[in-house]
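Trainee: Have a look at this one before I ask anything.
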Amino acid sequence: MFMERYQEVIQELAQVEHKIENQNTDGGSNTIRRTGSGRSTLQAIGSAAAAGMVFYSISDVTDKLLSTSGEPIPTLQEDFWINTALMEPTPPLREVLEDLSPPAMAAFDLACSQCQLWKTCKQLLETAERRLNSSLERRGRRIDHVLLIADGIRGFPVVLQQISKILNYLLMTAGQTKSESVEEKGGGPLRCSITELLQMCWPSLTEDCVASHTALSQQLDQVLQSLREALELPEPRTPPLSSLVEQAAQKASEAEAHPVQIQTQLLQKNLGKQTPAGSRQMDYLGTFFSYCSRLAAVLLRSLSSEPDHVEVKVGNPFVLLQQSSSQLVSHLLFERQVPPER
């Protein structure tokens, strides 16, 4: 009985999400002239109506699944898990079982396994929280007491609260508040469904961990963009070797202050923060940067009469990548007349 109803609800939920996606697409394609205040009244009314449609559509779906009218479904009864235990449960297992609310768990299951959109996930989590609070109140229990289970066991209320906090944080990324501006922008990079969230393999599924990794990810994007812009800065129209010679003539402080050098160091630092402590993961990016810098130093030494032990440093060694290694060697031998032994 329950599985038949569950399959029907899954199909209806998919239809609701399809309608939401179509509305979002239509809303993005229909442009309405903005007034001096920034948004037209008509557009604001449309957004409110769409939000109300989402709420009531998902409420209808969950009500159909959790309806107690007609023949009662055993798996949705409040004491189902306690009554079906093979033996009398003892603490701390009994506390965990007492905190289970089948209706809330059913809504939570839909949010975690069947939803594809952030909005529907959030709506179902709110439904699960209301069902859980109602269930605990009927049994004379308080949610703040329930969250403190001994022996470090995380029961259903803790997991539900934890996922809800993370999903709410996704709307607050980059220090933004819950406002229409966030809705228009589509939220942060992690505004996703719970299924996608669980597949991201976080070191720890907590709000602090997600916040930390989100901040690092945003910093990484900023550094990469800055590095890309630094690499695209116009260089003198000279061969790569000539450009290196000009850079080597600068002071060491000028080389270190080069935008490419600064952003490269920031990128390595950012990636280092994302690598777990004690990890033996290969630093491919650092190795590549070192290779380019050493190759630039070797080429410059072959052109210089200075002793080999003199340190050579350039701000942007990546200009070498404009030519192949064979082209660089040919330039040294035939144009610069560098002896092969050098």
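The values are calculated or read from the model by the stated rules, or taken from the named source; none is laboratory data. Values in this document were obtained by computation on a predicted structure and should not be read as measured data. Neighbour counts are summed over all protein chains in view; Cβ atoms, including those assigned to glycine, are modelled from backbone coordinates with ideal geometry.
Trainee: For the stretch 187-223, how many residues are of a type in the set (V, I, T) and either over 23 Å from L266 (Cα atoms) or modelled with pLDDT under 85 (or both)?
Mentor: Kept after step one, since they are of a type in the set (V, I, T), are these residues of the stretch 187-223: 194-195, 206, 210, 214, 223.
Among the residues that remain, those that are also either over 23 Å from L266 (Cα atoms) or modelled with pLDDT under 85 (or both) are: 194-195, 206, 214.
The total comes to 4.
Trainee: Now a separate question. Restricting attention to the stretch 77-86, which residues are of a type in the set (S, T, N, Q) and either over 21 Å from V9 (Cα atoms) or crowded, with 18+ Cβ neighbours inside 10 Å (or both)?
Mentor: In the first step, residues of the stretch 77-86 are kept if they are of a type in the set (S, T, N, Q); the result is 77, 83-84.
Once the filter is applied, which keeps residues that are of a type in the set (S, T, N, Q) and either over 21 Å from V9 (Cα atoms) or crowded, with 18+ Cβ neighbours inside 10 Å (or both), the stretch 77-86 yields N83, T84.
Trainee: For residues in the stretch 87-146 being farther than 22 Å from M3 by Cα and among the β-branched types (V, I, T), which is surrounded by the fewest Cβ atoms within 10 Å (Cβ to Cβ)?
Mentor: T90
Trainee: Here's something else I'd like to know. Restricting attention to helices (runs of 4 or more DSSP H) lying wholly within the stretch 67-140, give those where 1 or more residues are under 22 Å from L170 (Cα atoms) and touching a residue at least 24 places away in the same chain (Cβ under 8 Å). Quick ask: steps written out before the conclusion?
Mentor: Numbers: elements: 80-83, 93-98, 102-113, 118-138.
Fully inside the stretch 67-140 and qualifying: 102-113, 118-138.
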